[in-house]
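Below is one structure, written out as structure tokens; comments come after it.
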Amino acid sequence: MLIAQMTDIHIGFDPDARPEELNRIRFRATLDRLLESPNPIDMLVLTGDLTDHGDKDSFEKTAALLEKCPMPIHSIPGNHDTREGLLHAFPETQVSGGFIQYAVEQDGLRILFLDTLEIGRHGGAFCETRAEWLSEELDAHPDTPTLIFMHHPPVVSGIGWMDPGPAEDWMVRFGNAIKGHSQIRAVHCGHLHRPIMTTLHGIPISVTPSVAPLVAMDLRPIDPDAPDGRDLITTEAPTYAIHRWSDGNLLTHYEEVGDWKVLAKYDVNLQGMIREMFAERQ
């Protein structure tokens, strides 16, 4: 099974741009690449900040671009979204206890979608109600391999202006909920607009880079009272992930979207090399 993940699209950041806003151009290019690629995608997951202001118009524009996708689409909110806007555009999305979180099982993999939105807050949130739901889901399926999607990474990345505090209550609460659950194969997030990999209680945590412009790679401390002219946002290429679930193993690929030249094709000239590579397998 192949699960594509796109995150931080931010439609509506510049809605009056002519002829079209940059974020929508980047999203269309990323979708086109995904749909034109040779990879048979079974599911597309959108991990938050689909829009920049959470308004219905931006959500409707996002949903319209996704109409050409033949695979099921699962969405969760980010801090720039609203639950009302997301449910308006994707009315089939499930809600539990007032939060957009739900479970899907396919090909022996259980996928949990979490809601880390707190309206008016840039950083994440994970209250007792959400933590209880997650704990119940994990306790009920201890032997089923599980993948978690959420918008906010429950870790500190070192990108100071994007990070939460080092031990915010919501991160501790999430960490306690997943601790000791060996069935969790990975937690995939968005929000930070950069590729990041780490662990939490021995569980792999990764951040998929954004479709919208990326956050600059600068790990120096930042002073909110002293603007220093550093780069914050860049036009690095939009990126998406493909998570491959096969034979009980979960593996992630990332692809940047842009123009490139093909330097080699599989034809008779390279058939010998391919045969040699297969022949040396053990």
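Residue 226 fulfils the conditions (1) among the aliphatic types (A, V, I, L, M); (2) in contact with a helix residue (DSSP H, G or I) (Cβ under 9 Å, 6 or more places away or on another chain); (3) in a loop (DSSP other than H, G, I, E, B) except for a single criterion, (2).
Residue-by-condition table, conditions (1) more than 16 Å from the chain's Cα centre (by Cα); (2) farther than 20 Å from residue 162 by Cβ:
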residue	(1), (2)
212	no, no
231	yes, no
241	no, no
251	no, yes
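Scan 240, 254 and give me the residue that is in contact with a helix residue (DSSP H, G or I) (Cβ under 6 Å, 6 or more places away or on another chain), touching a residue at least 40 places away in the same chain (Cβ under 8 Å), assigned to a strand (DSSP E or B) and not charged (D, E, K, R). Can you show your working first?
Working: 254 fails: in contact with a helix residue (DSSP H, G or I) (Cβ under 6 Å, 6 or more places away or on another chain).
None of the other options fit; the residue is 240.
Could you tell me how many of the residues in region 48-61 are surrounded by 19 or more Cβ atoms within 10 Å (Cβ to Cβ) and more than 17 Å from residue 213 (Cβ to Cβ)? Give the steps one after another, and end with the answer.
Just the residues of region 48-61 that are surrounded by 19 or more Cβ atoms within 10 Å (Cβ to Cβ), to begin with: 48-52, 54, 58-59, 61.
In the following step, the residues that additionally are more than 17 Å from residue 213 (Cβ to Cβ) were identified as 54, 59, 61.
Of the residues in region 48-61, 3 are surrounded by 19 or more Cβ atoms within 10 Å (Cβ to Cβ) and more than 17 Å from residue 213 (Cβ to Cβ).
The residue that is nearest to residue 243 (Cα to Cα), counting only those in region 3-37 that are in contact with a Ser or Thr (Cβ under 6 Å, 6 or more places away or on another chain) and among the β-branched types (Val, Ile, Thr), is 7.
Of the residues examined, residue 185 is one that is touching a Ser or Thr at 6+ places or on another chain (Cβ under 9 Å), charged (D, E, K, R) and more than 28 Å from residue 14 (Cα to Cα). Restricting attention to region 236-265, the residues that are closer than 14 Å to residue 30 by Cβ and among the polar types (S, T, N, Q) total 1.
Taking the numbered list (1) in a loop (DSSP other than H, G, I, E, B); (2) farther than 25 Å from residue 252 by Cα; (3) at pLDDT 95 or above in turn, residue 173 passes all entries but (1).
The values are calculated or read from the model by the stated rules, or taken from the named source; none is laboratory data. Values in this document were obtained by computation on a predicted structure and should not be read as measured data. Glycine also receives a Cβ, built like all others from the backbone with ideal geometry; neighbour counts cover every protein chain displayed.
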